[in-house]
Amino acid sequence: MENHTLILGCGDSVFLTDPITGHGCNTASYAAEQIYETLVTNKEAAWDEAVGAAYWNRVKA
């Protein structure tokens with residue numbers, strides 16, 4: 001959260017990847033899909049820290 005605004009990271013900005021093997025594109029695609037699923041699931045909820053936590057719980061594994 002930044003100034004009460006939900007900020008969600010995607011790809012190399014939040015996932016640890018090896019820059020030499022080029023996994024950034026794959027993690028960005030995966031993260032985009034998970035962000036979409038999280039936001040659709042929570043479309044009626046306020047997009048707040050709880051939604052950010054739901055997203056992180058989807059992708060942290």
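Structural remarks
- One decimal place: the segment GLU44-LYS60 gains 3.4 nm when fully extended, by the rule 0.36 nm per residue minus the C-alpha distance.
- Working ranking of peptides 42-49, 30-37, 1-8 by packing, defined as the average number of other Cβ atoms within 10 Å per residue, highest first, is 30-37, 42-49, 1-8.
Read-outs throughout are calculated quantities, based only on the coordinates presented, and are distinct from any laboratory measurement. All figures in this text were calculated on a predicted structure; none of them were measured in a lab. Note that each Cβ is placed from the backbone with ideal geometry, even for glycine, and that neighbours are counted across all protein chains shown.
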